[in-house]
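What follows is a set of notes on a single structure, which appears directly below.
Taken together, the values in this text are just the output of simple stated rules run on the coordinates, not laboratory data. Note that the coordinates shown come from a computational prediction; the quantities given were computed from them, not determined experimentally. Because the Cβ atoms are built from the backbone with ideal geometry, glycine has one as well, and the counts that use them run over all protein chains shown.
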Amino acid sequence: MSIPVILGPTAVGKTDLLLWLSEKYPIEVISLDSRQVYRYMDIGTAKPTKEERHRLPHHLVDICEPDDEFDVYRFRKLALAAERDVIGRGKIPVFAGGSGLYADSILKGLVSNLPRNDAVRAALRTLEEGSPGFMKQLLSHIDPVASDRIHPNDLKRMQRYLEAFFTSGKQLSSMQQEETISERFTVILLDRKRDELHSRIGQRVDKMRRLGLVEEVRNILVMGFGCNLNSMKTIGYAEICDMFAGSKKADEAFDVTRIHLD
């Protein structure tokens, strides 16, 4: 059986397609979203609602706290276990989401089985905390191809590329280009015309504001989770954190969120 993998940019319509497929086939979704794994972060990650998850089971959603360390190694282990579980119950697993690193770990495996290097990770975190933007600047020199396609807020992904370089001496982007997609998957890549996608992203951000993203972030902070966490660097949450810090007004925070998602 070929396993479907549905990929596409933010607001392209992945959830709508999945719900439509669930009415015709006995599918269960294994999320490839690196942010939907965190509890309490619902609105800003466009997490499927409880009603949608009742209609269509989702795996790897709401599985850890915002301050938990969650990386591609842990993700891949849990995702493959979920795939086996779904197949074992006679259902069809469908991988879906937008995180390139997590998708690649399923489609191509972990590049060259590179091990974790906790010493490098700790050093990078310390340097980034002392000088915000350090990792982005370093990556632009070491692996400019990767730097160009990684958002400045995506510290975890930048850390992974830098960790790979300092562990192997090779650019992770170059190694990824050499890998091939496993034949057991069928990749479905969704896309829309640029102006249509731009409009849908605007609608998504308006909906985030209407549903209460500001209050969601406030509640997360009240629970004791700080804006310095990697999870809170997520687009939408980072901008609202800036608003609470006084560096942005509410309108500006949502305008910047729209720009970052677009």
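How compact is region 1-102 by the rule of thumb for globular proteins, expressed as Cα Rg over 2.2 N^0.38 Å? Show your work: numbers first, answer last.
Details: Rg = 12.9 Å, N = 102, 2.2 N^0.38 = 12.8 Å.
Here the Cα radius of gyration is 1.01 times the empirical estimate.
Can you give me the three principal axis dimensions of the chain from its C-alpha atoms, in Å, biggest first?
50, 47, 37
Among all cysteines in the chain, which have no other cysteine Cβ under 4.7 Å from their own Cβ?
Cys64
For the chain, what does -39500 (n - 2.57) per DSSP helix run (n ≥ 4), summed and divided by total residues, give at 222 nm, in deg cm²/dmol to the nearest 500? Present the calculation step by step, with values, prior to reporting the outcome.
On the way: 13 runs with 138 residues, N = 262.
Computed ellipticity for the chain at 222 nm equals -16000 deg cm²/dmol.
Looking at the chain as a GNM with Cα springs under 10 Å, which of Arg35, Arg192, Arg157 has the largest mean-square fluctuation?
Comparing Arg35, Arg192, Arg157 in a Gaussian network model of the chain, the most mobile one is Arg192.
Of the listed peptides 57-63, 159-165, 198-204, what is their order by residue-averaged count of other C-beta atoms within 10 Å, with the highest listed first?
On the way: 57-63: 18.1, 159-165: 22.1, 198-204: 15.1.
The most tightly packed comes first, giving 159-165, 57-63, 198-204.
Between Lys193 and Ile259, what is the FRET efficiency for a Förster distance of 22 Å, r being their Cβ-Cβ separation, to the nearest 0.05? Don't jump to the answer; show the numbers that get you there.
Details: r = 19 Å, r/R0 = 0.87.
The value I calculate is 0.70.
Whose amide H sits under 5 Å from the amide H of Ile188, counting only residues 5 or more places off or on another chain, with H placed in the peptide plane?
For Ile188, the qualifying residues are Val5, Ile6, Leu7.
In sequence order, what are the phi-derived ³J(HN,Hα) couplings for region 257-262 according to the Karplus relation 6.51 cos²θ - 1.76 cosθ + 1.60 with θ = phi - 60°, rounded to whole Hz, with x for glycine and proline?
4, 4, 5, 5, 7, 6
Based on the Cβ-Cβ distance from Tyr73 to Thr186, what FRET efficiency comes out when R0 is 22 Å, to the nearest 0.05? Before the final figure, lay out the partial values.
Numbers: r = 25 Å, r/R0 = 1.14.
Given R0 = 22 Å and the Cβ-Cβ separation, E is 0.30.
I need the phi-derived Karplus couplings for region 240-253: 6.51 cos²θ - 1.76 cosθ + 1.60, θ = phi - 60°, integer Hz, Gly and Pro marked x.
6, 4, 4, 4, 5, 6, x, 8, 9, 7, 4, 4, 5, 4
Can you run phi through the Karplus equation (6.51, -1.76, 1.60; θ = phi - 60°) for region 4-16 and list ³J(HN,Hα) in whole Hz, with x for Gly and Pro?
Result, ordered by residue: x, 10, 9, 10, x, x, 3, 6, 6, x, 4, 5, 4 Hz.
Based on the Cα gyration tensor of region 194-261, what are the three equivalent ellipsoid semi-axes, each the root of five times an eigenvalue, rounded to whole Å and given largest first? Provide the component values of the computation, followed by the final result.
On the way: eigenvalues 97, 26, 24 Å².
Equivalent ellipsoid semi-axes, largest first: 22, 11, 11 Å.
Which of the pairs Lys24/Lys50; Lys14/Lys77; Lys108/Lys207 have their Cα atoms more than 26 Å apart in this structure? Don't jump to the answer; show the numbers that get you there.
Details: Lys24/Lys50 20 Å; Lys14/Lys77 24 Å; Lys108/Lys207 35 Å.
From Lys24/Lys50; Lys14/Lys77; Lys108/Lys207, over 26 Å: Lys108/Lys207.
Non-local amide H neighbours of Lys248 (under 5 Å, H modeled in plane, Pro and chain starts lacking H): which ones?
Met243
Within region 1-88, report the GluC sites (Glu not before Pro) that DSSP leaves as loop and that have at most 15 other Cβ atoms within 10 Å.
Details: sites: Glu23, Glu28, Glu51, Glu52, Glu69, Glu83; in loops: Glu23, Glu69.
Answer in residue order: Glu23, Glu69.
Between Ser247 and Cys64, what is 0.36 nm times their sequence separation minus the Cα-Cα distance? Round to one decimal in nm. Spell out each step's value before the answer.
Values: separation 183, 0.36 × 183 = 65.88 nm, distance 2.95 nm.
This chain segment gains 62.9 nm when fully extended.
Hey, can you grab everything whose amide H is under 5 Å from the amide H of Ile30? Only 5+ residues off in sequence or another chain; H modelled, so Pro and N-termini drop out.
His59, Val94, Phe95, Ala96
Work out Dmax and Rg for region 115-177 from the C-alpha atoms and quote the Rg first, both in angstrom.
Rg then Dmax for region 115-177, in Å: 10.7, 33.
Suppose R0 equals 22 Å. What FRET efficiency, 1/(1 + (r/R0)^6) with r the Cβ-Cβ distance, do Trp20 and Arg53 give to the nearest 0.05?
0.90
When we measure straight from the Cα of Lys248, which lysines land under 17 angstrom away, once same-chain ones fewer than 8 places off are left out?
Within the straight-line limit of under 17 Å, Lys248 reaches these lysines: Lys233.
What is the order of Tyr40, Tyr25, Tyr102, fewest Cβ neighbours within 10 Å to most? Intermediate values should be presented prior to the final figure.
Details: Tyr40 16, Tyr25 11, Tyr102 23.
Least to most surrounded, the residues fall as Tyr25, Tyr40, Tyr102.
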